[in-house]
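Colleague: Structure below; questions to follow.
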Amino acid sequence: MYVGVQAIGTSKLEMQFLTRHGVTHMDATPADNEVGTISRHREEAAVEGVELEMIHINLPRSIPLAQEPQRDEDLDEVCRWIENAGRAGLRGLNYNFCVLEHQRTEATFGRGGSRYSTFDLSKYDNESLSEAGVVSRDESFERAQYFLERVIPVAEQYKVQMASHLDDPPAPVLRGVERWNWPVMDGLKRFSELVDSPYHGFNFCCGVASEGLENPGVELYDIVRYFGERKKIFNVHFRNIRGGLHDFQEVWPDEGDVDMHQVAEVLHETGYPYMLMPDHAPNHPDDKPPEGVSGRVSHAWAFQFGYIAAMIQVVSKKTG
């Protein structure tokens, strides 16, 4: 288990920012799926001592929306991403299978003027339908199964882990769409069992899972343990929230309702071997990255890297 990062470039400035803060593994988002492009990013990172082991791909909307005939054409393109990732030596791909994409309400503010991404159902327009229209939970699973049955055989062939992020936020119904990952444990179990493969699993976001729970400070750990024991976690977004179902803020890791040390302990006990990475860091207008580089080059992300490194060190020493 080690510190990782996502959504950052492979320039010397960015890579040295990572290594200064003890980060030597990463996920990136290349501009295209060519083997040469992926390999170039891997080489640029490696020069500075960073391993590019995963990339994030944005699924074309035709796939979760089941738009024919475009869906099948786009599925072929996803399979090319998988093939080329395998040829370039990557461990896995992170992706989101979202019929309805990321939803939030107006930001709120916390310590030191930090801006927190926030969701409050009482302030959310839950009457207007999205582009997806009305979609049942069963239909969402049918679409996900169609996708997985097409891509997982390719992932197995090229030994590329397919790590699905959770719909953000989980909720019974948002804008006409029944979220596939609510209730959280039931939804994740069902999704994980759509196909039987060691290459099918989760980009497990501790924050998103917590957002769908009534009491995340009590409920989250058993969920992490269940999927950790079954080797269904391929990447971890190690972040915290204050609140829970229908009303939460994405806060600093040390001030939320989840005991992140306990999460790290569970991951270590279940033998989780991959990245723990920050996600959705609180931000402040005074904390600006240098021009032309990722917003991850900031004090907010440096703080979280150090926090995660400390958690890993503590649980590793405690349990051996």
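The values are calculated or read from the model by the stated rules, or taken from the named source; none is laboratory data. Worth saying up front: this structure is predicted, and the values here are computed from it rather than measured. Note: ideal-geometry Cβ built from the backbone for every residue, glycine included; neighbour counts use all protein chains shown.
Colleague: Tally time: how many residues in segment 270-286 are surrounded by fewer than 20 Cβ atoms within 10 Å (Cβ to Cβ) and either β-branched (Val, Ile, Thr) or out of contact with any strand residue (DSSP E or B) (no Cβ under 6 Å at 6 or more places or on another chain) (or both)?
Modeller: 6
Colleague: Next up: How about segment 239-320: which strands (runs of 3 or more DSSP E) wholly inside it have at least 2 residues that are over 17 Å from the mean Cα position of the chain (by Cα)?
Modeller: 240-244, 247-251
Colleague: When you scan segment 64-79, do you find a residue that is modelled with pLDDT of 95 or more and touching a Cys at 6+ places or on another chain (Cβ under 9 Å), even just one?
Modeller: Yes, segment 64-79 contains at least one residue that is modelled with pLDDT of 95 or more and touching a Cys at 6+ places or on another chain (Cβ under 9 Å).
Colleague: Given the criteria touching a residue at least 40 places away in the same chain (Cβ under 8 Å), of a type in the set (Lys, Arg) and out of contact with any Phe, Trp or Tyr (no Cβ under 9 Å at 6 or more places or on another chain), does ARG42 qualify?
Modeller: Yes, satisfied.
Colleague: Does segment 244-258 contain any residue that is in contact with a strand residue (DSSP E or B) (Cβ under 6 Å, 6 or more places away or on another chain), β-branched (Val, Ile, Thr) and closer than 30 Å to GLU106 by Cβ?
Modeller: Within segment 244-258, one or more residues are in contact with a strand residue (DSSP E or B) (Cβ under 6 Å, 6 or more places away or on another chain), β-branched (Val, Ile, Thr) and closer than 30 Å to GLU106 by Cβ.
Colleague: List pairs: first residue in segment 303-319 and on the phi < 0 side of the Ramachandran plot, second residue acidic (Asp, Glu) anywhere in the structure, Cβ distance under 8 angstrom, at least six positions apart or on different chains.
Modeller: Listed by first residue and then by second, the contacts come to TYR307/ASP254; VAL315/GLU265; LYS318/GLU265; THR319/GLU265; THR319/GLU269.
Colleague: When the residues of segment 163-217 are filtered to those that are aliphatic (A, V, I, L, M) and in a loop (DSSP other than H, G, I, E, B), which remaining residue is surrounded by the most Cβ atoms within 10 Å (Cβ to Cβ)?
Modeller: LEU166
Colleague: Please verify whether segment 150-159 includes one or more residues that are over 20 Å from ASP186 (Cα atoms), in contact (Cβ under 8 Å) with a residue 60 or more places away in the chain, basic (Lys, Arg) and assigned to a helix (DSSP H, G or I).
Modeller: Yes: one or more hits.
Colleague: Would you check which residues across segment 86-107 are out of contact with any Lys or Arg (no Cβ under 9 Å at 6 or more places or on another chain) and of a type in the set (A, V, I, L, M) and list them?
Modeller: LEU93, the sole residue that qualifies.
Colleague: Sticking with this structure for a sec: Quick one: which of SER130, SER140 is among the polar types (S, T, N, Q), within 23 Å of ILE63 (Cβ to Cβ) and not in a loop (DSSP other than H, G, I, E, B)?
Modeller: SER140
Colleague: Another question, then. When you scan segment 1-115 for strands (runs of 3 or more DSSP E) that lie fully inside it, which ones turn up with 1 or more residues that are under 23 Å from TYR272 (Cβ atoms)?
Modeller: 25-28, 51-56, 92-96
Colleague: What number of residues in segment 15-24 are surrounded by 15 or more Cβ atoms within 10 Å (Cβ to Cβ) and either out of contact with any helix residue (DSSP H, G or I) (no Cβ under 9 Å at 6 or more places or on another chain) or over 25 Å from ALA300 (Cβ atoms) (or both)?
Modeller: 0
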